[in-house]
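Novice: Can you read through this structure? Questions will come right after.
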Amino acid sequence: MDHPYRRHDGPATAALSAQITDLYRRCYAAPPWSETPEQIAAYPGRLADSMTRPGFTCWTTHDERERLTGVCYGWPTPTDLSGSRTHAMLIRALGADATADLVRGAFEVAELFVHPDAQGRGIGGGLLAAAVAGWPTAWLITSPQAPAARLYRRLGWRQMSELPADLYPHLPAAVFATSADQGGRG
């Protein structure tokens, strides 16, 4: 099934933030993430912060009634990551040189989620392909136990390393990456 993917900048995404937050809650309150009410309540602030990042771009898809069915957003990885908690975790897991190779000129996929009733229809793969199109490399963090990890592997993304347990103490996290020469672009 063909899905129309819509591209949005920060202000256009802000107009959809209530719908994105509702979908996030639906996806991340459930296992395997099982986010707490406090984590869910903090999401709108994280989304608002994300929209201010240089190069922020969001892709969405909607059903025939215009209900949001999927979201993927991210940004070009900044050249200066000093002071970043994520960067520090990557260095601890991969080492400084491998981290530099991973993030240099790359697109960072911050979030990808699809309505539970719409999963298994190619929406996630299409959103991901739209997000990373034109980038030589891309990376993201997820749990290797999450259903999305199977999607990433099927699309040619490789699990680079598990990350320290301070990101999601109850669920292991790992960094996944792809490059244009892998053909893992959907």
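The values are calculated or read from the model by the stated rules, or taken from the named source; none is laboratory data. These numbers come from a predicted model, not from an experiment. Counting neighbours? That spans all protein chains shown, and the Cβs are built from the backbone with ideal geometry, glycine included. Surface areas here come from the heavy atoms of the whole protein model, side chains and all, with no ligands, DNA or RNA. Shrake-Rupley method; radii C 1.70, N 1.55, O 1.52, S 1.80 Å.
Novice: Counting only other residues whose beta carbon sits under 12 Å from that of Q119, what net charge do I get with K and R as +1, D and E as -1?
Specialist: Details: positive: R26, R121, R150; negative: D117.
Around Q119, the charge tally is +2.
Novice: Roll a 1.4 Å probe over the protein chains and send me the accessible area per residue for the chain in Å². Could you put the intermediate results ahead of the total?
Specialist: Working: 9250 Å² over 186 residues.
Per residue, the chain has an accessible area of 50 Å².
Novice: Moving on to the next point. Loop only per DSSP, at most 14 neighbouring Cβ atoms within 10 Å: give me the GluC sites (Glu not before Pro) in segment 6-79, ordered by residue number. Kindly include the intermediate steps, with their values, before the conclusion.
Specialist: Details: sites: E35, E38, E64, E66; in loops: E35, E64, E66.
Those that pass, being in a loop and sparsely packed, are E64, E66.
Novice: Counting other Cβ atoms within 10 Å, keep those with at most 16, restrict to DSSP loop, and tell me which trypsin sites (Lys or Arg not before Pro) in segment 24-77 are left. Walk me through the numbers on the way to the answer.
Specialist: Details: sites: R25, R26, R46, R65, R67; in loops: R65, R67.
Qualifying residues, ordered by number: R65, R67.
Novice: Quick query: amide H of A29 versus all other amide H atoms, modeled in the peptide plane; which residues come in under 5 Å with a sequence gap of 5 or more or a different chain?
Specialist: Hits under the 5 Å cutoff: E35.
Novice: For T142, what charge total do you get from the other residues with a beta carbon under 12 Å from its beta carbon, if Lys and Arg give +1 and Asp and Glu give -1?
Specialist: Values: positive: R150, R153; negative: E111, E162.
Net charge in that neighbourhood comes out at 0.
Novice: On full extension of the chain, what length is gained from D117 through A29, given 0.36 nm per residue of separation minus the C-alpha to C-alpha distance?
Specialist: Values: separation 88, 0.36 × 88 = 31.68 nm, distance 1.49 nm.
Value of the extension gain: 30.2 nm.
Novice: Could you please state how large a percent of the accessible area of the chain is carbon and sulfur, counting protein chains only and using a 1.4 Å probe? Could the numbers behind the result be given before it?
Specialist: Numbers: 4890 of 9250 Å².
Carbon and sulfur together cover 53 percent of it.
Novice: Something else about it: Expressed in nm to one decimal, what extension gain is obtained for the pair A42 and E64 from 0.36 nm per residue of sequence separation less their Cα-Cα distance? If you can, show how the numbers build up before the last one.
Specialist: Numbers: separation 22, 0.36 × 22 = 7.92 nm, distance 3.01 nm.
Here the answer is 4.9 nm.
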